[in-house]
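Student: The structure that follows is given in the form of structure tokens.
The values are calculated or read from the model by the stated rules, or taken from the named source; none is laboratory data. Computed from a prediction, not measured in an experiment: that's the story for all the values here. FYI the Cβ positions are ideal-geometry reconstructions off the backbone, even for glycines, and counts take in every protein chain you see. For the accessible areas, the whole protein counts, side chains as well, though only heavy atoms, and no ligand, DNA or RNA atoms are used. Shrake-Rupley method; radii C 1.70, N 1.55, O 1.52, S 1.80 Å.
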Amino acid sequence: ANSASASALWADDAEREMDLRLLIAGDIVKVAPGGRIPADGSVVHGSSTVDESMVTGEPMPADKTVGSKLVCGTLNGPGALFLCIERTGEQTVLAQIVQLVRDAQASKAGIQRIADIISGKFVYVVLAIAMATFAVWYAVDATIG
């Protein structure tokens, strides 16, 4: 399996492919047109539009220039951007959103717990009422049996 890579800019201004897992805060990464933003950070050179709909829900791409914040996983538009990495891995906005969704799916709301308890006993209560009703009607009107 191939691991994802990014084009990192080194101190000698040379671009080299680098495994995304090796990126650290302070690295400068080139994001090609149409490429995914590899980590959270700020634009240090270039301008483009970025599709942030997966994070913000906004259908229109956002304009990004020097100083603009970029979020991991969003999609670069037609221009090349140079990104100074600020957060990687579990510290990115995307990773935090994923964790919040996991936590929400794993926990139950208080009212849901109450509903589960009530529904677990509801069938027995209804059956008991039905049997009591039958017994009363049987006792009152002997023609049933």
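Student: Among what's in the range 88-111 and is part of a loop (DSSP other than H, G, I, E, B) and in contact with a strand residue (DSSP E or B) (Cβ under 8 Å, 6 or more places away or on another chain), pick the residue that is most open to solvent (accessible area, probe 1.4 Å).
Tutor: Ranking the candidates gives Thr88 first.
Student: Also, I was wondering about something else. Does at least one position in the range 104-115 carry a residue that is within 30 Å of Leu23 (Cα to Cα) and at pLDDT below 90?
Tutor: Checked the range 104-115: at least one residue is within 30 Å of Leu23 (Cα to Cα) and at pLDDT below 90.
Student: Which residue, of Ile117, Ile85, is closer than 25 Å to Ala32 by Cα and either touching a Phe, Trp or Tyr at 6+ places or on another chain (Cβ under 7 Å) or of a type in the set (Val, Ile, Thr) (or both)?
Tutor: Going through Ile117, Ile85 in turn, just one is closer than 25 Å to Ala32 by Cα and either touching a Phe, Trp or Tyr at 6+ places or on another chain (Cβ under 7 Å) or of a type in the set (Val, Ile, Thr) (or both): Ile85.
Student: To continue, here is another question. Show the residue pairs meeting these rules: Cβ distance below 6 Å; 6+ apart or different chains; first residue within the range 75-87 and closer than 14 Å to Ser42 by Cβ and open to solvent by 10 Å² or more (accessible area, probe 1.4 Å); second residue small (Gly, Ala, Ser) and assigned to a strand (DSSP E or B).
Tutor: Pairs found: Phe82/Gly46; Cys84/Gly41; Cys84/Ser42; Glu86/Gly41.
Student: Here's something else I'd like to know. Out of Val50, Val44, report the one residue that is open to solvent by 50 Å² or more (accessible area, probe 1.4 Å) and at pLDDT 90 or above.
Tutor: Val44
Student: Condition check: open to solvent by 40 Å² or more (accessible area, probe 1.4 Å), on the phi < 0 side of the Ramachandran plot and under 16 Å from the mean Cα position of the chain (by Cα). Does Thr56 satisfy that?
Tutor: Against the criterion (open to solvent by 40 Å² or more (accessible area, probe 1.4 Å), on the phi < 0 side of the Ramachandran plot and under 16 Å from the mean Cα position of the chain (by Cα)), Thr56 qualifies.
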